Structures are given as structure tokens and as C-alpha cells.
Amino acid sequence: MSFRYVIQTLNKNGSKESSVQEIEKNEVLIGRGTSSDILLLGKLVSLNHAQLTIGYKGGDKGLLIQDLDSLSGVFVNDTLVSKSALKSGDRVKVGASTFTVFFEDGYWGFFEERSDDVEEEETEVIVAAQEKRLRFQSFLPSMTVLSSLLAVGVFLLYFVAPFLDTNVTSWNSGPISNAHKIIESDCAQCHASGFTQVRDQECMSCHKMSDHAHSMEALLEQHPDMDARCAECHMEHNGDAGIIAEESKLCVGCHGDINSLLAETDMPNIESFAAHTEFRVSLTEADGGQKKVSISDPTLKDPTPLKLNHKIHLEPDLAGKDGLVTLECMDCHEMDKAQDLIKPISFEAHCADCHSLEFDERLAGNSVPHGDAEVVYNYLYAEYAKLYLEKEGVEEPSSGSRRRRKPGQAVKRGQEISFTRDSVVDQARETEEAIFTRSACQLCHMVEELPEPGARGNRFQVLKPNVPDNWMPDAIFDHGAHQEVTCESCHNARESEETSDVLLPGKENCYQCHDQFGSEGMVKSDCVTCHSYHEPLILDDKQKREIEAILISLEQQIGKQAIGKKTG
């Protein structure tokens, strides 16, 4: 199948010249090497930089470009990609060259515009190379011979000598990170044997980490060729730079086309931050499982069984009305000590000042306990029993029937009664019903009446709120880093009247300040800015050592190195 490579050169006099190269292949190689079908020059171009595949979807309908682990990467429409399907009109950048994709008359092709100045520079490079071959130095031993001699010397010095235990430090490829300084002298801690890659089991002897994803095991079973070692992302001997890789290219290598790697996954393909799908929140389902729903989904509702009207609580003119105060977001939503997450809301800390649970004016200062509906009735029974014992002759009606009255209402003349168990039960039940159905609990909670009293005598129960501590558990967000931004810039709470409103911002809100390139005035945001590959776990006791044993091991290794230097 033919591929057309069209070059249009702009001469100094303003005229244009065009050349067309027909490539009769289904796979077209781009690079600096001599085997390349499209040959490019420049320091940013790798020998084998990228590959074009024609008809990857069958027939001649598809064109795919794939980065071959190049030095500078491949950009499609200014987005760094590892693999991407192309369409007519796309702009592809490889090194310093920019191509426009076209599809005409059943042929795919690249169109490149060049300047005559660039061609002259390339010609000068070729001429300089030819002149160099005519110099006297060209009659000296070839670079191949000199390189071979140098390689033998390096091999003897850096590979044979260490086996003689005289030059172990020659194998050190660079400074070790500060996190591993304590084992800097004990190479065997990470390198179990010579000339083999560092294995995960050496890393896990000191570290315990969570899995990257629940589907990681299935992914490795389906693709055993993938190298998923710890050292792929944690590159040692580069100082503190590189111990945790931050390049999005490593993540996009899988997540850019995750659906082809894991056909059954529900994760979307994400090729870049600019092409990120809309954020999703985790909702707890009836069976206790988690379901992810896009913030842009019109059916998204907060299932938390609470009654909360943000608009009322944030009313700006409340101050001075019946002792009320004007609330701000941070009055209820406080940051934790690390200033990244928000502390859970508690009744005692955030609600009790305005929402009293006092239940009877005769028992001023007494409030029913919050948090356990089962104990409310027993608490009321005990408090009324004490009240009637202290004031006997206040409660029993003169007739056989018991009179219902509002809790705390004064007893009318002629109705004074003596203490009995039935009168205490009546009063406790009447107040219990008022609290759960007319006043305190029902203002904020979903309340259910039981068909018969529960184990503790309670006739009502409150549905557990189950407020999520983190709506996006797979993401990282630092509120402290954004504290100079007003809460309402991201959370439109002041106009929310429904508890079911999910007041979380979408990706467009983030795009105002963040991008993947760190453009002028924008915060550079790689994948690891908002996502963690895995989380650290508590190390097992059997993996821990006494500090004395660690120090003794270090002294022994330092001693061996000192002996090696003397004998060397």
C-alpha cells in the first residue's frame, strides 16, 4: 500500500518547489537512522523515532502513529502521545519537523513545508563531514579500533576489578537518593546478584505498598511481556531527582489505550491532561459497593440520607436575627492538620451551637444524646423519673385517663398528680415522638418509625448519614495549596437548596490554572499531580530490624570498602 511524503520547499526568491516520495509499505519508519523510510536530521530525532501503520483497522481506512521510545517524543496536535490514530488535517511533530496528515485518492500521506535556509544548513553539515574524511586524522586507526581498545580497558577496570574486591565503587552509576542513604554502602540490599536487574522482592523487603489497581494482576497475566518492576518508575543513582518518576509518558503508555490492554475494564482511555475525561465521583450503592459517576452526568445525585440546605446556612443577613450568626464555608468545613483534606462534620463541633437538643423547659440545660437513636427513650425516661421523684404530686391526672400535653407545659390547677411509672412512660414517649417527628432529629435526618419498640425500647430510628470522607478516593487534592482561592470559586454552595446536589467542580474548573506543559501563567500538571500509583502500607513486624543491627551492617560494609581501596 502506498504512502506519499510531500515536501514543499520555499526558496529565497519566494518560489516554491515540491517533491513527492512514494513509499510502498504498510509500515513506514521515521527516524535519523539509514533504515528510515522518512529520514530526518536533528539532535532531537532518534535513530528509530516513530512508526506509521497504514490500514491498522483493516483496508486503507486507518493510519496509526506509534512512538518507538524516542528521545523527544511524538506530538499530535501539540499533545504528547505514545500511540495515536491519525486523521486528515492532524499536525504531527517529530523533532523539529512538523507534518500535516492528508488522505487523498485513497492514499495516506504527510505534507511538510521547508525553508531553503534549512536545506542549506543541512547541506553544510554534509559537506563538513566529507571534508573531515580528507584530513590527516582519517589515516589514523579507525574509531572502531580505538573504541574497542577503550572498551577493553573499561571492562577490565570496572567489571573485572570489582570481582577482585578492589574497586567496588567503580560500579556506582551515580549519587544515591537521600531516602536510601542509610544503605548506600550495602549494595547487596538492592542488587542481589551481579548483572541482573533489581527485582521487586528486594524493594519489598523494606517497603510495603498497595497494588496499583485491582486489575493489575489480570493485566500482567494478559501481557507477560510488560516490564512492571518497581525500578521502572523508581530510578535510583540519580540523586533525589528521579527516585519518583513524574513523566506523564509512563502513565500514558498504558492509560492512553487501556481499553485494548484490558477489554473488560470500565476505565476510560486518557491520552493527556488536556484530553482527560470528566471527573467521576464514587457513590456507595445499596449493597455497599462503589459506583463511579461522571460529574457531568445529569442523573448524578448525592444519596446521603440527610436534609441540608446550604443556601439557608450561608444566608448573608442572618446576623442579629434571633441570635443567629452569619456562617462561612470554613465554619463547618475545616481542613485537617495536613491541610489537604476536610475534616468530617460532627454535631458537637459544628451544629450544636445553633441546633440545641434540649427537650423540656423544666430540665433546662439537659439535651438528649446525639448519634444513637436507640438510647434516646431510655435517657428521657431516666430524666423524667428523676424530675417526678424530686417533685412528687405534679404528674398523675385525677381521672383514670392520662392527659397529653406539650413537653414542659405547666400543669393546670386541679391536675396535680403523684409519681407513677405510667406517667413517666407517657411523658417520655410523648417527648420522644416530638423530638423525632416534629422538632430536633427530623430537621436534619431521615427518620423511620418502628412497627414495634426496639431492643432498648426505642420507637424510632435514624438512617445513618454515611457521608463520604473523600468523593474521589483515586485522586489527590491539596486544599491547603488552594487556600488563597475562595471556596465558592470551585463549590457553588451558596445557591444550593437540595441535599442531593453534588457540589464538586469539573475539569474545566481546573483548566483555568493547570495544563500539561506549564505554559506561561499556568501550573504544569503531570499525572502524578493528582494521582498516586499506589499508597504506602504499614510494614510487617517481621520486616523490621533493631537499629543496632542496621548500624552494625553499615559498619561492616564500610570496613570492606576501606580494605578494598587499600589493596587496590
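The values are calculated or read from the model by the stated rules, or taken from the named source; none is laboratory data. Every value quoted in this text rests on a predicted model; they were computed, and no experiment measured them. Positions of Cβ are generated from backbone atoms using ideal geometry, with glycine treated the same way; all protein chains shown enter the neighbour counts. Surface areas here come from the heavy atoms of the whole protein model, side chains and all, with no ligands, DNA or RNA. Shrake-Rupley method; radii C 1.70, N 1.55, O 1.52, S 1.80 Å.
Once the convex hull of the alpha carbons of the range 181-298 is built, what does its volume come to per residue, in cubic angstrom?
169
If each residue of separation counts as 0.36 nm, what is the full-extension length gain between VAL6 and GLU390 once their alpha-carbon separation is subtracted?
Extra length available between VAL6 and GLU390 comes to 128.0 nm.
Could you sort the peptides 370-378, 300-308 by per-residue average Cβ neighbour count (10 Å cutoff), highest mean leading?
Order by mean packing, descending: 370-378, 300-308.
Can you pull the one-decimal nm distance between simple spin-label points at ALA549 and ARG229, each 7 Å off the Cα toward Cβ?
2.7
Kindly state, to the nearest 0.05, the FRET efficiency for SER115 paired with ALA241, given R0 = 51 Å and r defined as their beta-carbon distance.
0.85
Return the subset of LYS301/LYS507; LYS181/LYS524; LYS93/LYS249; LYS61/LYS87; LYS208/LYS542 for which the Cα-Cα distance in this structure is over 20 Å, preserving the input order.
From LYS301/LYS507; LYS181/LYS524; LYS93/LYS249; LYS61/LYS87; LYS208/LYS542, over 20 Å: LYS181/LYS524.
Note down the net charge around GLU24, summing +1 for each Lys or Arg and -1 for each Asp or Glu among other residues with Cβ under 12 Å from its Cβ.
The answer is -1.
Could you compute the net charge surrounding SER46? Neighbours are other residues with a C-beta less than 15 Å from the C-beta of SER46; K and R count +1, D and E count -1.
+1
Multiply the residue gap between MET267 and SER282 by 0.36 nm, knock off their C-alpha separation, and tell me the result in nm, one decimal place.
That works out to 4.1 nm of additional length.
I'd like the FRET efficiency for SER173 and CYS351, computed as 1/(1 + (r/R0)^6) with the beta carbon distance as r and R0 of 51 Å, rounded to 0.05.
That gives a FRET efficiency of 0.30.
Determine the sum of side-chain charges near VAL198: Lys and Arg each +1, Asp and Glu each -1, restricted to other residues whose C-beta is under 13 angstrom from that of VAL198.
-3
Could you work out how far apart the two model spin labels at ASP211 and THR299 are, taking each label as a point 7 Å from the Cα in the direction of the beta carbon, and quote it in nm?
For ASP211 paired with THR299, the spin-label model returns 2.9 nm.
With just the Cα atoms defining each centre, how far is the range 447-511 from the range 1-58? Give it in Å.
When both Cα centres are located, 55 Å separates them.
Students often get this wrong: which residues of the range 458-488 have the backbone nitrogen under 17 Å from the point 7 angstrom along Cα-to-C-beta of LYS337?
Taking a point 7 Å out along Cα→Cβ of LYS337, the residues of the range 458-488 whose backbone N falls under 17 Å are 480.
If I take R0 = 30 Å and measure r between the Cβ atoms of THR420 and ASP372 in this structure, what FRET efficiency does the formula 1/(1 + (r/R0)^6) give, to the nearest 0.05?
So the FRET efficiency works out to roughly 0.60.
Using 0.36 nm per residue, how much length does the chain from LYS292 to HIS482 gain when fully extended, once their Cα-Cα distance is taken away?
Using 0.36 nm per residue and subtracting the Cα-Cα distance, I get 65.9 nm.
Tally up the carbon and sulfur contribution to the accessible surface of the range 1-95 as a whole percent, 1.4 Å probe, everything protein left in place.
About 49 percent, which is the carbon plus sulfur part of the accessible surface.
With a cut-off of 16 Å, note down the residues of the range 95-111 whose backbone N falls inside the zone around a label point 7 Å from the Cα of ASN77 toward its beta carbon.
99-103
Can you give me the distance in nm between label points at LYS181 and GLU520, each placed 7 Å from the Cα along the Cα-to-Cβ direction?
4.0
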